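Each reported figure results from applying straightforward, stated rules to the coordinates on display, with no laboratory input. Please read all numbers here as calculations on a predicted model, not as lab measurements. Using ideal geometry, Cβ is built from the backbone for each residue, glycine included, and neighbour counts are taken over all protein chains shown.
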Amino acid sequence: MRTPLALAVVGLLAISLPAGVGMATAIESQRVTFRAGADSTLLKGDLTVDYKLRAGAGQALTVELKCSNAQSYFNVMAAGTDTALFIGSSSGNRFRGPLPSDGDVRVRVYLMRPATRRTETSTFSLKVGISGAPLAPVPASRDALIPGTPYHASADVPCGSGNSATVLVMNPEGQKRQFLFVKGKAVASNQPEKLSVQRRGDVSVLLLRENVERYEIVDALVVGG
């Protein structure tokens with residue numbers, strides 16, 4: 001039996017991850033900015049809303065929710081994906097973690113569907129912050145793109161069900177997985193499950209969903225060898 005292959009593409013340094021409740025109505029979207037010199041802000045509201053913050057790969061996002069209804073939660077979606085990398089209803093009302101990609105990260109505050117069906121309401125305060133410096137992109141003069149793509153290298157990756165890079169993997173089921181490498185080490189993914197990393201020679205073995213998903217990323221793909 002042959003091991004299924006996943007197509008992986010990599011952009012060296014930051015390429016410019018329902019949230020779980022299945023809302024039937026349009027979700028309000030609000031842009032969040034910080035005052036000069038500040039790296040966090042406090043938001044208040046009473047609606048289902050997506051708060052959008054501009055951030056870079058490698059920066060750390062912190063979120064803390066306080067609400068009047070215990071059925072209120074928030075999810076976090078990394079830039080470029082609707083898949084939640086943090087789901088509040090299963091993980092709590094505090095989050096801190098590195099972001100795997102450049103762009104608008106979304107923090108969605110919502111009331112669980114059973115509570116909305118009971119016409120319950122909730123008011124909340126949400127503290128959000130971005131800290132750390134984003135990873136610097138590699139100049140095009142130092143690393144050419146694959147023609148017709150925004151990526152710098154590609155490879156077939158065996159998988160089961162001093163450099164920084166964002167590796168995008170398309171697994172055999174057609175699902176996208178995004179992994180952030182810093183100085184050659186995998187540090188984050190765009191999935192809500194904990195990322196486990198094992199080293200085997202010049203290969204990083206990435207495990208998700210309690211080892212159900214397994215990806216082998218060779219160092220040469222990450223550093224452009």
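Peptides 33-46, 88-101, 193-206: what's the order by average Cβ count within 10 Å, highest mean first?
Going by the mean number of other Cβ atoms within 10 Å, highest first, we get 88-101, 193-206, 33-46.
Give me the extension gain from residue 38 to residue 113: residue separation times 0.36 nm, minus the current Cα-Cα distance, reported in nm with one decimal.
Answer, rounded to one decimal: 23.5 nm.
Could you state the number of Å between the C-alpha centres of the range 43-59 and the range 74-105?
Distance between centres, Cα-based: 10 Å.
Can you tell me the FRET efficiency between residue 125 and residue 197 if r is taken as the Cβ-Cβ distance and R0 is 35 Å, rounded to the nearest 0.05?
Computed FRET efficiency for residue 125 and residue 197 comes out at 0.50.
Which whole-number percent is the relative contact order of the range 28-131 (Cα, under 8 Å, 6+ apart)?
42
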